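> Before we start, here is the structure in question, set down as structure tokens.
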Amino acid sequence: MKIFAGLVMLLLLSGTAQSQEEFVQSLRKVLPTVTDSAQYVDVLNKLSLISYEQDADSTLIYANKAREIAYRIDYAKGRADATNNLAIYFDIKGSFELALRYYGDAYNQYTAISDSSNLVQTLMNIAMVYSTNGNNEKALDHFNRAMKLGARLREDSIMSLVIYNFILQYPQQLAADSVDRYINKAITIARKYHDTRVLLAMGQLQANRSFQTKDTANGMVLLERVLSGCLHEKLYYMSLDVLIELGDLYAGTDPAKAVGFYRQALSITKEKNYSGYELDINNKLYEFYLARKDKQKADEYSAALVALYREKQGIDNQSGIDYITYALKDQQLEAIREEKVYANRLLLLVGIACALAGVIIYLLWRNKKRDERIHATLERQYKQLATITAALEGSNKNYARLIRVVAHDLRNPIGAINAFTGMMLDSPPSDWDKEWMILIDNASKGCLQLITELLETDFDIGNQPLQKEQVDVIALAQESAQLLAYRATEKKQTLITPDAAAIFLSADRRKLSRVVDNLLGNAIKFSPEGATIEIEVKRTSAVATGKPTTVMISVRDNGIGIPREMAAKIFEPFETTIKRKGTSGEPSFGLGLYICRQIIEAHGGRIWFESEPGQGSTFYILFQQ
């Protein structure tokens, strides 16, 4: 039997007799009125903890929100509770490996803040996961640790849950008289805190004791009374164990009634999205009909089981990705916090150093003939200033890095504007070509847009929002070639552009233009005089290939090529080992291909190249429609 492992702190109801649904509603009403951030996180965590009975996905939503705020305000208790709630969500979903990871994280976080009560419930939950997976040795170890630690708590509310889950799963570990004594102890604790939920759970244990003592009739009455109470209190997740147990008990004597309980449980799992239980109940129904040789019904539930296992596999795969993502975010947040502390200390040191420097200068002005002690003090202050200066130099390097990004991306459009302006000045105004004017207008607008974005952005090109539209890739390639034709003309090179019907692609026109400009500019830079450079655009047909439609852009040159030792680093930024001058001595900054990759990956595409040293290179860009 699958057991409930997410009963944490009795709904945190503080001794009220309020039902779970009423408590959820009251918390949701309170939420908009809460202004204190820590209190807001606590309310979100409470909502996350108790929402699974109505909607399991709400547990995840509230937990993620609470966790995000708790990290931002550095609220350790809120962070630990949110992590524990994430573990409960994955436990309910049947993703036990991920549940164990988050329970482990929560245990460590509760240990750091010495929260003994929550350490007990976390040990209990870990034990329940191990029990569900059949690892009884580890389950018993964690149960024993929870019981031992819980016995020392002044606040004993959590112990009723530990006793309930331990007896429900491992009644054989206790003598019969001990089981009754522990049940009575848990009932006393539950009554003390007016906890209807645990009292219902104890009713289930009492029913099981009746079955063990062969008092089946009394056990059935108690169990059905527990079921009625669970449904009345809308404790749907808790009711599933009772429904399954009733189905098992009636399976041999009243098959119709057994199926009714199983199907009622299955209906709840589908409505409330309890994936883990849905597998168990479908398996029960499959075995039920298989035993009665009802092939049609057995096949129906067999198909449902296959679909659920596939869905679970997908969830498990995604869960692994999600856990890595959360772990990376935790590391990033921790690094940001450390940088913030360091920055504050640095500012404090700068302020102290400046103040001390002022005092020293003032003392030197008034007391030029002070003794050697004053000179020693000055030397210490100069050493501090040297340390601060070194830190400031590091900051200046970062600013220089940003300036190089700006210079790199403005180089091509500003060069084009300069060349086009020279051409217009060489001709009388009446002979100006409208097409050149349009190109100048587009290039200058691109510069203004780029400068605006650089002033507003955090310089992470891959994370900038895309302004997608339907772009004619043929026209865009021709426009880029025309824009850079002046550079090719200087080196007597030939640019070949695609001459075909329009091929449209949903993309950010300006950013895609930057990619083509960069690739074409590199081809011109690293090709000798008189070389031929070709841009191609191709589309595959979904009907012809049976695969998704793709658009491929390629830029081919017969230049100096890329050595094999540079291939692995060609898309990395500021790599000094791969910077090479062009065939006419043009400088290289090591940014263009890095920018191209960032933009292409932001579009969901990929970029790669083929090259032989001395024989040229071909860069490919592939998009799926």
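> Filter segment 461-513 for residues that are of a type in the set (Asp, Glu) and not in a helix (DSSP H, G or I); which is nearest to the chain's Cα centre (by Cα)?
ASP508
> Does ASN108 count as part of a helix (DSSP H, G or I), within 19 Å of ASP91 (Cβ to Cβ) and assigned by TED's automatic domain parsing to the domain that holds ILE88? Walk me through it before giving the result.
Values: part of a helix (DSSP H, G or I): yes; within 19 Å of ASP91 (Cβ to Cβ): yes; assigned by TED's automatic domain parsing to the domain that holds ILE88: yes.
In short, yes.
> If I filter segment 514-542 down to residues being in a strand (DSSP E or B) and not polar (S, T, N, Q), which single residue comes out as farthest from THR583 (Cα to Cα)? Before you say what the answer is, go through the steps one by one.
We begin by selecting, within segment 514-542, every residue in a strand (DSSP E or B); these are 532-539.
Adding the requirement that they be not polar (S, T, N, Q) leaves 533-539.
Details: ILE533: 14, GLU534: 18, ILE535: 20, GLU536: 23, VAL537: 27, LYS538: 30, ARG539: 33 Å.
This residue is ARG539.
> Sticking with this one: Please verify whether segment 244-261 includes one or more residues that are under 37 Å from the mean Cα position of the chain (by Cα), at negative phi and not hydrophobic (A, V, I, L, M, F, W, C).
Going through segment 244-261, the residues under 37 Å from the mean Cα position of the chain (by Cα) turn out to be 244.
Right, trim to at negative phi and you get 244.
Filter once more, so that each one left must be not hydrophobic (A, V, I, L, M, F, W, C): none.
No, because not a single residue in segment 244-261 is under 37 Å from the mean Cα position of the chain (by Cα), at negative phi and not hydrophobic (A, V, I, L, M, F, W, C).
> When the residues of segment 263-288 are filtered to those that are of a type in the set (Ser, Thr, Tyr), out of contact with any Phe, Trp or Tyr (no Cβ under 6 Å at 6 or more places or on another chain) and surrounded by fewer than 20 Cβ atoms within 10 Å (Cβ to Cβ), which remaining residue is nearest to SER58 (Cα to Cα)? Walk me through how you get there before you give the answer.
Of segment 263-288, the ones of a type in the set (Ser, Thr, Tyr) are 267, 269, 274-275, 277, 286.
Remaining after also requiring out of contact with any Phe, Trp or Tyr (no Cβ under 6 Å at 6 or more places or on another chain): 267, 274-275, 277.
The next check asks that each one be surrounded by fewer than 20 Cβ atoms within 10 Å (Cβ to Cβ); those that pass are 267, 275.
Values: SER267: 19, SER275: 14 Å.
Here the answer is SER275.
> Identify the single condition in (1) aliphatic (A, V, I, L, M); (2) surrounded by fewer than 18 Cβ atoms within 10 Å (Cβ to Cβ); (3) touching a helix residue (DSSP H, G or I) at 6+ places or on another chain (Cβ under 7 Å) that ILE187 does not satisfy, given that it satisfies every other one.
It is condition (2) that ILE187 fails.
> Also, quick follow-up: What number of residues within segment 129-160 are assigned to a helix (DSSP H, G or I) and at pLDDT 80 or above? Before you say what the answer is, go through the steps one by one.
In the first step, residues of segment 129-160 are kept if they are assigned to a helix (DSSP H, G or I); the result is 129-132, 136-150, 157-160.
Next cut, at pLDDT 80 or above only: 129-132, 136-150.
Number of matching residues: 19.
> Related question: Being surrounded by fewer than 19 Cβ atoms within 10 Å (Cβ to Cβ), in the same structural domain as ALA298 (by TED's automatic domain parsing) and of a type outside the set (D, E, K, R), is that true of even one residue in segment 233-247?
Taking every residue of segment 233-247 in turn, none turns out to be surrounded by fewer than 19 Cβ atoms within 10 Å (Cβ to Cβ), in the same structural domain as ALA298 (by TED's automatic domain parsing) and of a type outside the set (D, E, K, R).
> If you check every pair at least six apart or on different chains, which have Cβ atoms under 8 Å apart with a residue in segment 592-603 that is in the same structural domain as TYR620 (by TED's automatic domain parsing) first and a residue that is of a type in the set (Asp, Glu) and part of a helix (DSSP H, G or I) second?
Pairs found: ILE595/ASP409.
> A further question on this structure: So ALA151 clears everything in (1) more than 17 Å from ALA80 (Cβ to Cβ); (2) in contact (Cβ under 8 Å) with a residue 60 or more places away in the chain except one condition, right? Which one?
In the conditions (1) more than 17 Å from ALA80 (Cβ to Cβ); (2) in contact (Cβ under 8 Å) with a residue 60 or more places away in the chain, ALA151 misses (2) alone.
> What pairs come up if the first residue lies in segment 345-373 and is surrounded by 10 or more Cβ atoms within 10 Å (Cβ to Cβ), the second is modelled with pLDDT under 80 and among the basic types (Lys, Arg), and their beta carbons are under 9 Å apart, counting only those six or more places apart or on different chains?
So the pair list comes out as LEU363/ARG370; LEU364/ARG370.
> Find all pairs meeting these conditions: Cβ atoms under 8 angstrom apart; at least six residues apart or on different chains; first residue within segment 480-499 and on the phi > 0 side of the Ramachandran plot; second residue surrounded by fewer than 21 Cβ atoms within 10 Å (Cβ to Cβ) and among the acidic types (Asp, Glu).
That search, which allows pairs on different chains as well, returns LYS492/GLU529.
> I'd like to verify a number: residues in segment 139-165 that are surrounded by 15 or more Cβ atoms within 10 Å (Cβ to Cβ) and closer than 18 Å to LEU100 by Cα, how many?
Counting residues in segment 139-165 that are surrounded by 15 or more Cβ atoms within 10 Å (Cβ to Cβ) and closer than 18 Å to LEU100 by Cα gives 9.
> Within segment 299-321, is there a residue that is more than 35 Å from the chain's Cα centre (by Cα), assigned to a helix (DSSP H, G or I) and at pLDDT 80 or above? So that I can check it myself, show each step before the final result.
Keep residues of segment 299-321 that are more than 35 Å from the chain's Cα centre (by Cα), which gives 299-300.
Next, from what is left, pick out any that are assigned to a helix (DSSP H, G or I): 299-300.
In the following step, the residues that additionally are at pLDDT 80 or above were identified as 299-300.
Yes: one or more hits.
> Would you mention how many residues in segment 110-133 are surrounded by fewer than 17 Cβ atoms within 10 Å (Cβ to Cβ) and closer than 12 Å to PHE96 by Cα?
1
> Please find, within segment 111-120, the residue that is farthest from ASP91 (Cα to Cα) out of those that are touching a Leu at 6+ places or on another chain (Cβ under 7 Å) and touching a residue at least 24 places away in the same chain (Cβ under 8 Å).
Only one residue tops the list, namely SER116.
> Of the conditions (1) in the same structural domain as SER58 (by TED's automatic domain parsing); (2) surrounded by fewer than 21 Cβ atoms within 10 Å (Cβ to Cβ), ILE92 clears all except one; give me its number.
Here ILE92 clears every test but (2).
The values are calculated or read from the model by the stated rules, or taken from the named source; none is laboratory data. The model shown is predicted, which means the values in this text are computed figures rather than measured ones. So basically every Cβ, Gly included, is an ideal-geometry build from the backbone, and we count neighbours across all protein chains shown.
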